[in-house]
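This report concerns only the one structure given below.
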Amino acid sequence: AIPQRSNDEILRLRKQLLNPTLSVAYQQPLKMVRGEGVWLYDQHGQAYMDMVNNVCHVGHCHPRVVRSGQAQMAQLNTNTRYLHDNIVEYALRLTATLPEPLSVVFLTNSGTEANDLALRLAHAHTQAQGVIVVDHAYHGHSPSMIELSPYKFNGKGGAGQRPHIGVVAMPDTYRGIFPDTPDAGRLYGQLLPSAMASLRQRHIATAAFYCESLLGCGGQIVLPEGYLAEAYAAVRAAGGVCLADEVQVGFGRAGEHFWAFECQGVVPDIVTMGKPIGNGHPMGAVVTTPEIAASFVSGMEYFNTFAGNPVSCAIALAVLDVIADEQLQENARRVGDFLIAGLRQLQQQYDGIGDVRGRGLFIGVELMQGRTPDPQKAKAVVEAMKARHVLLSTEGPDDNVLKIKPPMVFSRANAEEFLDKLDQVLHGS
Ligand code: PMP
């Protein structure tokens with residue numbers, strides 16, 4: 001049996017043995033030993049409501065997903081060079097959720113791998129090197145993805161912006177450069193041509209535009225209407241391809257639609273997926289058009305040892321089944337709307353809530369002191385909610401946005417309990 005160590009002992013061993021850059025959540029870190037639905041349990045059996053885990057999408061340790069993985073693990077796990085039903089079934093099921101012409105699937109083991117491979121596809125298709133990204137975005141941890149992630153290259157320890165990267169301002173209608181007008185999407189989208197022109201001055205053509213369909217690290221930002229349509233048109237006119245990073249927000253989380261880019265009424269050229277795809281099992285995917293996939297055929301094979309193995313595909317199939325059978329997309333829409341309405345009510349009651357925004361179960365609450373972001377308050381709220389056994393976290397360039405993205409089985413009763421506790425915390429602060 002694995003020895004059960006105290007929190008202090010585990011902390012000491014982490015410091016001694018593990019990646020020295022690893023951080024832990026909370027001033028007094030928690031040790032979790034079990035998960036079920038929206039709940040995590042510490043070693044004393046104390047339950048915590050998980051409001052931030054968008055990876056365990058259909059609920060922690062969902063029994064159907066667990067059984068599916070266990071059964072396949074006991075049957076066979078091997079690479080994709082043998083014929084197997086699971087991978088083709090998964091490709092059929094996944095592409096059925098996507099609009100035409102998104103119909104060719106590459107499986108990977110993580111979101112970073114998906115975005116990395118997508119970059120190779122974009123380069124191969126366009127023969128260009130430039131990439132436009134949105135400020136404060138995060139697309140992955142590999143060297144090439146850090147170059148595409150202002151959150152990293154402009155953050156602590158970052159090496160700055162590389163010459164082949166163009167950065168456009170976040171389409172933030174609350175604190176961004178353009179206010180909340182019906183025109184905001186178009187105005188922000190019109191930043192793309194000048195970003196691409198700057199690249200051209202350096203003799204760099206645009207291969208791709210990477211954009212999350214709702215901004216995660218940017219601070220849980222909802223894209224203004226018309227933004228992607230305007231941006232995509234500009235990128236395509238310049239010969240580039242448009243990528244929707246759905247690693248955080250895909251698989252029904254946006255509520256109204258299965259893919260968050262659909263809220264913008266566009267069809268990307270490449271979609272990347274991760275986190276929720278395997279409910280915590282490491283997996284990612286790229287889906288693209290037959291045309292772009294054909295451009296990638298050069299004689300060199302793309303082979304990825306673990307990607308698309310029978311166990312991963314069995315798990316991912318179970319995730320799709322559970323989303324459909326438990327109507328979790330509809331749940332995200334209904335409970336998400338209820339949460340946003342409840343949060344807006346709290347905004348009326350208390351000073352300091354500048355903005356409440358979101359789609360489905362992807363919600364941000366921006367804490368402000370007048371016109372100044374208030375990260376101290378955000379941190380204090382997170383700690384006070386922890387004391388009430390609710391797990392929350394902060395996000396955004398100023399770290400003043402409460403991020404809310406619970407497992408999709410989050411119920412109206414869970415939402416009521418959360419709102420009640422947040423009310424208590426705001427009342428006391
Ligand atoms: N894209 C986005 C939008 C993400 O949020 C993340 C992970 N936080 C990634 C890509 C990278 O995914 P992974 O950690 O699975 O490599």
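Read the figures in this text as sums done on the coordinates, not as results from a lab. Bear in mind the structure is a predicted one, so any value in this text is a computation, not a measurement. FYI the Cβ positions are ideal-geometry reconstructions off the backbone, even for glycines, and counts take in every protein chain you see.
Descriptive notes on the structure:
- Extended-chain gain in nm, criterion 0.36 nm per residue less alpha-carbon gap, Gln127 and Ser198: 23.7 nm
- Nearest-0.05 FRET efficiency for Leu83 and Glu417, computed from C-beta distance (R0 56 Å): 0.70
- In this calculation the C-beta distance from His427 to Ile177 is compared with R0 = 41 Å, giving a FRET efficiency of 0.70.
- In sequence order, calculated HN-Hα J values of segment 293-307 (Karplus, 6.51, -1.76, 1.60; Hz; x Gly/Pro): 4, 5, 5, 7, 7, 10, x, 8, 7, 9, 10, 9, 2, 8, 5
- Taking amide H as placed 1.01 Å from N in the peptide plane, the amide H of Gly166 sits under 5 Å from that of Val131, Ile132, Val133, each at least 5 places away or on another chain.
- Only Lys, Arg (+1) and Asp, Glu (-1) charged, at Cβ; segment 63-325 dipole about Cα centre in debye: 660 debye
- Chain lengthening between Arg162 and Val33 when straightened (0.36 nm per residue, less Cα-Cα): 42.2 nm
- Ordering of 39-46, 157-164, 390-397 by burial proxy (mean other Cβ atoms within 10 Å per residue, highest first): 390-397, 39-46, 157-164
- Structural descriptor for segment 63-325: relative contact order 29 percent, calculated from alpha carbon pairs under 8 angstrom and at least 6 residues apart.
- Distance in nm between pseudo-label sites at Gln70 and Asp42 (7 Å out along the Cβ direction from Cα): 2.8 nm
- P(r) tail fraction, segment 63-325 - alpha-carbon pairs more than 31 Å apart, %: 24 percent
- Shape category assigned to segment 217-343 from the gyration tensor of Cα positions, a/c cut at 1.5: oblate
- Taken along the Cα-to-beta-carbon direction at a fixed 7 Å, the label points for Lys379 and Arg5 span 2.7 nm.
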